[in-house]
Amino acid sequence: MIISASRRTDIPACYADWLVNRLHAGYCMMKNPYNPAQVKRVSLLPEDVAGIVLWTKNAAPLLPKLAALEPYKHYFQYTITPYYADIENGLADKKSVIAAFIELSRHTRVIWRYDPIIITPKYTHEYHVRAFTKLCELLAGHTEKCIISFAIAYKSVAKNLAAVGHVGLPAEEKLRLAADLRHIASEHGITLCSCCEELGLQSISCIDASLFNTIAPRDKHQRVGCNCAISVDIGAYNSCMNGCLYCYANHSLAKVCANFAGHNAQAELLID
């Protein structure tokens, strides 16, 4: 069994204490997001877990607690994007986020996500080229791979993206930007990969069973083009405090704040 922690919320940034407590306890409880009345027990015993994939935009809160992960095979999917508070209004200062990435890379495998790519009158093709170059300069030697994908205007986020002038690029423009970023990444010893899109890049499985030396079937519940292995996600929707307007996992700011305020790091459930 592979544990995903989590596509639904930033557990390392927002709920590090809960994660450590559950790893020490050897289990957590998880609600079915589509039927909250269904609650199941998920074993977190090392012998039951093939590996853990941790998704984050800021690993700083978890850095002092990394010992809890030592019994497990694991790696991080770590997002660093070039946006300001108009798009990511709950994130820590990017300098501290980058510093945490670099420190984390000294202890474990970290895959960088430059994802999603949002094109607006402010965040243009040229802006992304400059920003990506700067980030590659800072992260070179601390990661082997970078994953990109372009923003999708899901129904839950379409209005937010429209408010900042998001432009859906034609395929040829996506390919042109991807080629520019691939060249920059290569110059810094980083392999640029794509997630769920044909961009002329190496395709990657964000949840990659081979990194845990195991075999797992493809997760058929993910979107078309996703090659991720099947996993158990222990996160919860409407609980991430990063404030990213492109996030499909938060549907109500009031609910997010209420869930975060009511969170108990000692509880079996992330959000009860």
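Some notes on this structure:
- Filter pass, Lys57 being within 19 Å of the chain's Cα centre (by Cα), loosely packed, with under 15 Cβ neighbours inside 10 Å and either modelled with pLDDT of 95 or more or not aromatic (Phe, Trp, Tyr) (or both): no
- Glu173, sole failed condition from (1) open to solvent by 40 Å² or more (accessible area, probe 1.4 Å); (2) modelled with pLDDT under 95; (3) closer than 26 Å to Leu139 by Cβ: (2)
- Unmet requirement for Glu197, which otherwise passes all of (1) open to solvent by less than 50 Å² (accessible area, probe 1.4 Å); (2) under 19 Å from the mean Cα position of the chain (by Cα); (3) closer than 27 Å to Leu104 by Cα: (3)
- Which listed residue is basic (Lys, Arg), touching an Asp or Glu at 6+ places or on another chain (Cβ under 9 Å) and open to solvent by 20 Å² or more (accessible area, probe 1.4 Å), from Lys73, Lys122, Lys134: Lys122
- Hey, Ala99 under 13 Å from the mean Cα position of the chain (by Cα), among the aliphatic types (A, V, I, L, M) and in a helix (DSSP H, G or I) or not: no
- Picking from residues in the range 102-111 that are within 17 Å of the chain's Cα centre (by Cα) and in a loop (DSSP other than H, G, I, E, B), the one that is nearest to Cys146 (Cα to Cα) is Arg109.
- Residues within the range 76-98 that are of a type in the set (Ser, Thr, Tyr), within 14 Å of Ala13 (Cα to Cα) and crowded, with 21+ Cβ neighbours inside 10 Å, tallied: 2
- Taking the criterion of being surrounded by fewer than 21 Cβ atoms within 10 Å (Cβ to Cβ) and touching a Lys or Arg at 6+ places or on another chain (Cβ under 7 Å), the only residue of the range 39-49 that qualifies is Val39.
- Taken together, the criteria place Phe101 among residues that are among the aromatic types (Phe, Trp, Tyr), under 18 Å from Cys14 (Cα atoms) and without any contact (Cβ under 8 Å) to a residue 60 or more places away in the chain.
- Just one of the listed residues (His107, His142) is closer than 28 Å to Phe212 by Cβ, surrounded by fewer than 15 Cβ atoms within 10 Å (Cβ to Cβ) and not aromatic (Phe, Trp, Tyr), namely His107.
- The number of residues in the range 219-268 being more than 23 Å from Ile117 (Cα to Cα), of a type in the set (Val, Ile, Thr) and out of contact with any helix residue (DSSP H, G or I) (no Cβ under 8 Å at 6 or more places or on another chain) comes to 3.
- Options Ala158, Ala216, Ala209: the member that is closer than 22 Å to Ile52 by Cβ, over 18 Å from the mean Cα position of the chain (by Cα), surrounded by fewer than 21 Cβ atoms within 10 Å (Cβ to Cβ) and not charged (D, E, K, R): Ala216
- Any hit, the range 112-126, residues being modelled with pLDDT of 95 or more and in a helix (DSSP H, G or I): yes
- Long-range neighbours under 8 Å by Cβ, at least six apart or interchain, first residue farther than 10 Å from Gly235 by Cα and in a helix (DSSP H, G or I) within the range 5-31, second of a type in the set (Ser, Thr, Tyr) and open to solvent by less than 20 Å² (accessible area, probe 1.4 Å): Pro12/Thr56; Ala13/Thr56; Cys14/Ser239; Leu23/Tyr72
The values are calculated or read from the model by the stated rules, or taken from the named source; none is laboratory data. Bear in mind the structure is a predicted one, so any value in this text is a computation, not a measurement. So basically every Cβ, Gly included, is an ideal-geometry build from the backbone, and we count neighbours across all protein chains shown. SASA here: full protein model, heavy atoms, side chains in, ligands and nucleic acids out. Shrake-Rupley method; radii C 1.70, N 1.55, O 1.52, S 1.80 Å.
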